[in-house]
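Presented below is the structure to which this report refers.
The values are calculated or read from the model by the stated rules, or taken from the named source; none is laboratory data. Remember, it's a predicted structure, so these values are computed and weren't measured experimentally. Here Cβ is always computed from backbone atoms with ideal geometry, including for glycine, and neighbour counts include all displayed protein chains. SASA here: full protein model, heavy atoms, side chains in, ligands and nucleic acids out. Shrake-Rupley method; radii C 1.70, N 1.55, O 1.52, S 1.80 Å.
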Amino acid sequence: MGKILFINACVRDESRTMRLARHLLSKLEGDMEEVNLAEEKIPVIDDWNVVLNRESLLQAGRTDAPELAHACRFASADTIVIAAPYWDLAFPAMLKVYMEHVTVSGVTFRYSEEGIPVGMCRARRMIYVMTSGGPAVMNFGHDYIDALCRNFYGIRETMLFKAENLDIIGNDVEKIMAAAFAEIDEAASKF
């Protein structure tokens with residue numbers, strides 16, 4: 001048991017990525033909190049004063065401030081699940097914006113005296129779920145999140161579940177999805 005933070009970056013009503021994510025979430029035990037990025041409308045950090053304000057809040061011990069809410073939720077989760085469709089070799093931009101709000105020095109990571117990032121997140125694992133219309137040969141989206149988890153947040157165990165080639169004419173979408181469900185089922189027996 002533990003706290004599961006589900007980051008939903010799906011925008012389609014009939015999202016195949018969401019189908020995979022819901023299947024995965026049904027296999028996990030714990031209290032789940034969902035962050036629906038399409039509904040949250042998290043603002044882009046386009047002003048250095050936003051970053052300075054976060055630092056001021058941290059120095060004042062105001063970890064309850066709304067500006068730090070996403071980072072604090074992320075840092076306190078035991079398992080992170082991210083559902084993001086494969087878009088343009090990565091993921092929807094709203095996920096990048098969210099990650100910028102999560103990557104806060106003093107909450108999700110800190111720097112050592114040598115200047116090396118040291119993870120401060122409690123999560124033992126991050127599970128990334130995605131689907132793509134074609135082959136996801138270069139997956140800069142997953143690779144980016146994986147790098148943040150391992151190199152900044154201290155989350156060493158990362159997993160990827162995906163269903164690819166769903167929009168290729170002649171492919172059996174349900175067969176591809178069933179194979180991805182089966183992969184999740186097999187992995188879930190070891191959770």
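In a fully extended conformation the segment linking Glu157 and Gln59 would gain 32.2 nm over its present Cα-Cα distance, using 0.36 nm per residue.
Amide H contacts for Arg125 (H built 1.01 Å from N in the peptide plane; partners 5 or more residues away or on another chain; cut-off under 5 Å): Ile80. Of Asn165, Asn151, Asn49, which is the most mobile in a GNM of the chain whose springs link Cα atoms less than 10 angstrom apart? Result for the chain, Cα springs under 10 Å: Asn49 fluctuates most.
Could you let me know the centre-to-centre spacing of the range 64-126 and the range 6-26, using Cα atoms, in angstrom? About 19 Å separates the Cα centre of the range 64-126 from the one of the range 6-26.
Counting Lys and Arg as +1 and Asp and Glu as -1 over every other residue whose Cβ lies under 11 Å from the Cβ of Ile45, the net charge comes to -2.
Ligands, DNA and RNA are left out, and with a 1.4 angstrom probe the accessible area of the chain is 52 Å² per residue. Each Cα pair under 8 Å and six or more residues apart adds its separation to the average, and for the chain the resulting relative contact order is 23 percent. Across the range 172-185, coupling constants 3J(HN,Hα) worked out from phi with the 6.51/-1.76/1.60 Karplus curve, θ = phi - 60°, read 8, 4, 5, 5, 5, 5, 4, 5, 5, 4, 5, 4, 5, 4 Hz, and Gly and Pro carry x.
3J(HN,Hα) along the range 12-29, derived from phi through the Karplus expression 6.51 cos²θ - 1.76 cosθ + 1.60 where θ = phi - 60°, amounts to 7, 4, 9, 5, 6, 4, 5, 4, 5, 4, 4, 4, 4, 4, 5, 8, 9, 9 Hz, with x in place of Gly and Pro. Between Gly133, Gly154, Gly119, the GNM of the chain built on Cα springs shorter than 10 angstrom shows Gly133 fluctuating the most. For the range 118-191, carbon and sulfur atoms together expose 56% of the accessible surface, with a 1.4 angstrom probe and every protein chain in place. Each Lys or Arg adds one and each Asp or Glu takes one away; over the other residues whose Cβ falls under 12 Å from the Cβ of His70, this sums to -2.
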